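Colleague: First, the structure itself, so that you have it in front of you.
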Amino acid sequence: MMGILDLERLTYSYPDAARPALEDVTVRFGEGELALVTGPSGSGKTTLARAAARLVPDFFGGRFGGDVRYRGRPLRELDAGALHAEIGFVFQEPERQLLMATAEREIAFGPENLGLPPAAVARRVVEAAESLGVTGLLGARTDELSGGMQQRIVLAAAVAMQPAVLILDEPTSRLDPVAARDLLGLLARLRDDLGCTIVLVEERLADCLRVADRVLHLDGGAIAFDGAPAAFSRWAAEAAPLFLPPVARLFPPGLEGPPLTVREARARLAPLLPLGPPPAPPPRPSGGPLVVIEGARFAYPGGAVALRGIGLVAAAGEVVALIGPNGAGKTTLLKAAAGLIPLPAGSVAVAGGAPSPHACGFLPQNADTLLLHDTVLEEVAFTLRASGLGREGAEEVMRRWGVAHLAGRNPRELGAGERQCVSLAAAAAAAPPVLLLDEPVRGLDPLLRERAGGAIAAHAAAGGCVVLATQDIEFAAERADRVVLLAGGEVVEEGRPRDLFHGEPFYSPQVSRLFRGAAAGVVTVGDARRLLAGRGGAG
């Protein structure tokens, strides 16, 4: 049976790669289907998406075998105009896709190239901007927007084209929780109302599984699972438990499989209520301050105010997570702490002095900008040499951050998650007192996320301090000693995860929403398991 988009016995290898990224993959995407694609880093997810849009081999080169067909016609026979009109693609890194100076021109670019009349173009721009919540940004320069806002603009540009097939590579990775859920709702509407076929590559699955019709799990360049979300929950409970949402990991596989939503999990939890007191919190780090920011103010050229007299203190032994909506000031605050932007008002002290490369390691939001050398080993060794240390410590750094097996690889040829880990290793190689990390786990699969989280915790446990910005609320709950919620360049609320996450519908992890009203202070899978241990576990 023919689908709208068919990949037939597809095998593909990137130039000079030791093994294929995809090997003998056959998959058919049906019209009006929302297919969720997941799997470990390097499993072939992004490559599958690129092949479906003819970006491989056309853009990346390499060796290609098999066929990709759109409505039964080989994709290679479509000219570029027809291809882009029918199949939309959104890259994981929005800065790679932005072409125009302003957001309005970026969104209008595609419809204009379809030859639509000005009135039709204007309507599509308005509707796409409204659907992604960027109407107020239409006049903004795209190069001055935060990463999350850039992500929304490229998504709006893709939606404005109204393609029959929309392929998205980790579209929520830079979006705050509210924007991410809004996007998933929009994708469901495009599927339901317009019959759009959507191929969604994602690592953050909790909300995606609610809207997906089908889940494909890739591993080693092959499809390990292909089926409905409920069947995926049963399969993953045994084969890939870390890829399940947090609430699902609380329940044994069983015949019906783990629950995929908070609502389903709450129904299964009901027989165990009422619950006893929550587990006692671990002791809070009590070292001296390593980061002290007072009264920081900053506005970008053009008048956009990013920081409004903000203050932050982070202590030795502490991991502090900055959360908040796109454009809240998280990235700007990290740049100020690293001494990368001049503050017209306020002060910054790092490790008792002015910010410097010796005092702090900085990971930018676009971590690829750190990758300058031809091998992973050289990336890490460069940081050590620049800090006056010998390169002989590079092997230990790579082992700590889980990239030792990639030592001889070119970092620019790695998958997005692996590149992110290499950038983390390079930023932290010299073990400075303070690590300032902007979205450190963006694009990491659950396995790499656990490894990176462990390395971050180890840095703090050794007497260092980590301040990180993240849109991953689950990661903040699991790894942060303190969470700071920003909005509009100001601190809205801060506290320990167990105190700050109250089970609110957006800025709280799944587990805290599950236990809302039943047990306060339960925010992680570990918290919940300790609480349920005395009740015979979840059934």
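Read-outs throughout are calculated quantities, based only on the coordinates presented, and are distinct from any laboratory measurement. In this text the structure is predicted, and so the values were computed from the model without any measurement. Note that each Cβ is placed from the backbone with ideal geometry, even for glycine, and that neighbours are counted across all protein chains shown.
Colleague: Placing +1 on the Cβ of each Lys and Arg and -1 on the Cβ of each Asp and Glu in segment 289-509, which of Gln471, Phe298, Ala431 has its Cα farthest towards the positive end of the resulting dipole?
Modeller: Phe298
Colleague: In addition: Relative contact order of segment 289-509, please, whole-number percent, based on alpha carbon pairs below 8 angstrom and at least 6 residues apart.
Modeller: Result for segment 289-509 is 28 percent.
Colleague: Still on this structure: Give me the distance in nm between label points sitting 7 Å out from Cα along the Cα-to-Cβ direction at Glu395 and Ala354, one decimal.
Modeller: Using points 7 Å along Cα→Cβ, the separation is 3.9 nm.
Colleague: With a 10 Å Cβ neighbour count serving as the proxy for reagent exposure, in which order, fewest first, do Phe109, Phe515 appear?
Modeller: Arranged by neighbour count, lowest to highest, Phe109, Phe515 become Phe109, Phe515.
Colleague: As a footprinting exposure proxy, order Trp235, Trp401 by other Cβ within 10 Å, with the fewest listed first.
Modeller: In order of increasing Cβ crowding within 10 Å: Trp235, Trp401.
Colleague: Also, I was wondering about something else. Report the normalised scattering of segment 5-244 as log10 I(q)/I(0) at q = 0.08, 0.14, 0.18 Å⁻¹, calculated by the Debye formula with identical scatterers on the alpha carbons.
Modeller: -0.29, -0.91, -1.44
Colleague: Please work out whether segment 318-358 counts as rounded, prolate or oblate from its C-alpha gyration tensor, where a ≥ b ≥ c are the square roots of the eigenvalues and a/c under 1.5 means rounded, while otherwise a/b larger than b/c means prolate and anything else oblate?
Modeller: Oblate is the answer for segment 318-358, as a/c is 1.5 or above yet b/c matches or exceeds a/b.
Colleague: Going toward the positive end of the dipole of the chain, with +1 on Lys and Arg Cβ and -1 on Asp and Glu Cβ, which of Ala164, Val262, His405 do you reach last?
Modeller: The one lying farthest along the dipole's positive direction is Val262.
Colleague: Relative contact order for segment 276-393: what percent, with Cα pairs under 8 Å and sequence separation of 6 or more?
Modeller: The normalised contact order for segment 276-393 reaches 22 percent.
Colleague: Can you tell me what share of the DSSP beta bridges in segment 289-509 is antiparallel? A percent to the nearest 5 is fine.
Modeller: Antiparallel: roughly 55 percent of the beta bridges in segment 289-509.
Colleague: Sticking with this one: Treating only the Cβ atoms of Lys and Arg (+1) and Asp and Glu (-1) as charged, compute the dipole magnitude of segment 5-244 about its Cα centre; round to the nearest 20 debye.
Modeller: 160
Colleague: May I ask which residue of Gly417, Val56, Leu194 lies farthest towards the positive end of the charge dipole of the chain, with charges of +1 (Lys, Arg) and -1 (Asp, Glu) on Cβ and the Cα centre as origin?
Modeller: The residue sitting farthest along the positive end of the dipole is Gly417.
Colleague: Next up: With Cβ to Cβ distances under 12 Å as the rule, what net charge do the other residues near Ala469 carry (K, R +1; D, E -1)?
Modeller: Local net charge: 0.
Colleague: Pairs of alpha-carbon atoms within less than 8 angstrom and 6+ residues apart define the contacts here; what relative contact order does the chain have, in percent?
Modeller: Once divided by the residue count of the chain, the mean separation gives 14 percent.
Colleague: Non-local amide H neighbours of Thr102 (under 5 Å, H modeled in plane, Pro and chain starts lacking H): which ones?
Modeller: Hits under the 5 Å cutoff: Thr142.
Colleague: Could you pull out every residue, at least 5 positions away or on a different chain, whose amide H is within less than 5 Å of the one on Leu218? Hs are placed 1.01 Å off N in the peptide plane, and Pro or chain starts have none.
Modeller: Amide H to amide H, under 5 Å and 5 or more residues apart or across chains, Leu218 pairs with Thr38, Gly39, Ala224.
Colleague: How many angstrom lie between the Cα centre of segment 7-73 and the Cα centre of segment 466-539?
Modeller: After rounding, the separation between the Cα centres reads 37 Å.
Colleague: A further question follows. Can you tell me the length gained on complete extension of the stretch Arg385 to Phe59, counting 0.36 nm per residue apart and subtracting the Cα distance?
Modeller: Value of the extension gain: 113.8 nm.
Colleague: Would you indicate which of [x] 38, 32, 20; [y] 87, 28, 25; [z] 35, 29, 25 is the value of semi-axes √(5λ) of the Cα gyration tensor in Å derived from the coordinates of this structure?
Modeller: Matching entry in [x] 38, 32, 20; [y] 87, 28, 25; [z] 35, 29, 25: [z].
Colleague: I need the shape label for segment 83-174. Rule: rounded when a/c is under 1.5, else prolate if a/b > b/c, else oblate, with a, b, c from the alpha carbon gyration tensor.
Modeller: oblate
Colleague: What ranking of Met398, Met100 emerges when the number of other C-beta atoms within 10 Å of each C-beta is taken as an exposure proxy, fewest first?
Modeller: Met100, Met398
Colleague: For Gly489, what charge total do you get from the other residues with a beta carbon under 11 Å from its beta carbon, if Lys and Arg give +1 and Asp and Glu give -1?
Modeller: In short, +2.
Colleague: What shape does segment 1-138 take by its C-alpha gyration tensor, where a ≥ b ≥ c are the square roots of the eigenvalues and a/c under 1.5 counts as rounded, a/b above b/c as prolate, and the rest as oblate?
Modeller: Here segment 1-138 falls in the prolate category.
Colleague: Could you go through segment 347-354 in sequence order and give the Karplus-derived ³J(HN,Hα) for each residue, using 6.51 cos²θ - 1.76 cosθ + 1.60 with θ = phi - 60°, rounded to whole Hz, and x for Gly and Pro?
Modeller: 9, 9, 10, 10, 6, x, x, 6
Colleague: Give me the log10 of I(q) over I(0) for segment 289-509 at q = 0.09, 0.14 Å⁻¹, as the Debye formula computes it from C-alpha points; what are the numbers?
Modeller: Log10 of I(q)/I(0), two decimals: -0.34, -0.83.
Colleague: Still on this structure: Near the amide H of Val291, under 5 Å away, which other amide H atoms are found, from residues 5 or more places off or on another chain, if H is placed in the peptide plane?
Modeller: So Val291 has HN proximity to Ala314, Ala351.
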